[in-house]
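First comes the structure, then the notes that go with it.
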Amino acid sequence: MPDISLLTIALLCLAALAAGWIDAVVGGGGLLLLPVLLLGLPAGTPAAHALGTNKAVAVVGTTGAAVTYARKAPVDVRTAVRIGLAALAGSSGGAFFAAGMSTEVLKPVIMVVLLAVAAFVILRPAFGTAPAAGPATRRQILAAIGLAGLGIGFYDGLIGPGTGTFLVLALTAVLHLDLVTASATAKIVNCCTNAGALATFAWQGAVLWQLAALMAVFNLAGGMLGARTALKQGSGFVRIVLLTVVFALVANLAYEQWLA
């Protein structure tokens, strides 16, 4: 455990709780948790340790949310796992290319895409509110594996922020799921990608395990509470949180691109 004050530890745990709730509802918990970790860890701590600790915390909360959803939401676990394995492969490829590519060039493109997504969701109030008419077709599943799995998985390895939110949007659009079921499916996919990333960071020795274990308890509580909230409030509530997270993600990327 690094030398951190009790007040900072308490704030990190509260951030983990809030991030778990946000991530379970619509994804994007890392937008809160990772910056807080970067600020809270002692000066001179390698950024990789913040990233690794973030993944160790997130994988616990994501798993708790996935289990909570799977018990009460109509989730096709088999399809979700297939998409998750593709996302694991995609994120590995993205991480490989990240070393030789400037992500600063891509951030403005991602911002434009996010703003277009927000406009679409605002102008289409029915988006993600109606349940699927029936089981997904083979073509839809293959499209989801390609877009939500390989495509967004690649983005996760290359850049990362907002991966959970992109997964919810892609699964809603491709598989015609309601937003609650899409969030539930996204959590299972996230479990796969988080586990793969955590294994890499652990192998590199870039995880602060004691701090991660403490924060993970709060992240787990937030994740399970967020899943229950989404299940209780329904797709309309998830839609509001989705738009909030999308605009927060745009603001975060804009800050990193032009002000940081």
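The values are calculated or read from the model by the stated rules, or taken from the named source; none is laboratory data. Everything numeric here is computed off the predicted structure, so don't read it as measured data. Methodologically, a virtual Cβ is constructed for each residue, glycine included, from the backbone with ideal geometry; neighbour enumeration extends over all protein chains shown. Just the protein is used for accessible areas: all its heavy atoms, side chains included, with ligands, DNA and RNA removed. Shrake-Rupley method; radii C 1.70, N 1.55, O 1.52, S 1.80 Å.
The table below lists the values:
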item: Phi to ³J(HN,Hα) by Karplus 6.51 cos²θ - 1.76 cosθ + 1.60 over segment 33-42, Hz, x for Gly, Pro; result: 5, 5, x, 5, 5, 4, 7, x, 6, x
item: Accessible surface of segment 1-69 [probe 1.4 Å, protein heavy atoms]: carbon and sulfur percent; result: 76 percent
item: Fully extended contour minus Cα-Cα distance, from A118 to Q233, at 0.36 nm per residue; result: 39.3 nm
item: Two-decimal Rg to Rh for segment 188-247 - Kirkwood Rh, Cα set; result: 1.09
item: Between 0 and 90°, nearest 10: helix 163-175 axis offset from the chain longest Cα axis; result: 10 degrees
item: Inter-label distance for S5 and A254, nm, one decimal - labels placed 7 Å from Cα along Cα-to-Cβ; result: 3.2 nm
item: Residue of V112, V57, V75 that the Gaussian network model of the chain assigns the largest fluctuation, springs spanning Cα pairs under 10 Å; result: V112
item: Scaled radius of gyration (Cα, divided by 2.2 N^0.38 Å) that segment 117-221 gives; result: 1.25
item: D_trans [Stokes-Einstein, Kirkwood Rh over alpha-carbon pairs] for the chain, 10 °C, 1.306 mPa s, µm² s⁻¹; result: 88 µm²/s
item: Additional length obtainable on full extension of the chain from A202 to T45, 0.36 nm per residue less Cα span; result: 54.9 nm
item: Solvent-accessible surface ranking, highest first, for K232, K187, K55 at 1.4 angstrom; result: K232, K55, K187
item: FRET efficiency, R138 to K72 (Cβ-Cβ, R0 41 Å, nearest 0.05); result: 0.90
item: Probe 1.4 Å, all protein chains present, accessible-area order of H176, H49, largest first; result: H176, H49
item: Degrees between helix 209-233 axis and first principal axis of the chain (Cα, 0 to 90, nearest 10); result: 20 degrees
item: Cα-derived Rg over Rh, computed across segment 1-111 with Rh taken as Kirkwood radius; result: 1.01
item: Those aspartates and glutamates that a straight Cα-Cα span of less than 20 Å connects to K187, excepting residues fewer than 8 apart in one chain; result: D23, D76, D156, D178
item: Gain on full stretching of the segment that runs from T244 to L38 - 0.36 nm per residue minus C-alpha separation; result: 71.9 nm
item: FRET E, pair L14, A126, Förster distance 41 Å, beta-carbon r, rounded to 0.05; result: 0.70
item: Folded to 0 to 90 degrees: helix 103-123 orientation relative to the chain principal axis, Cα; result: 40 degrees
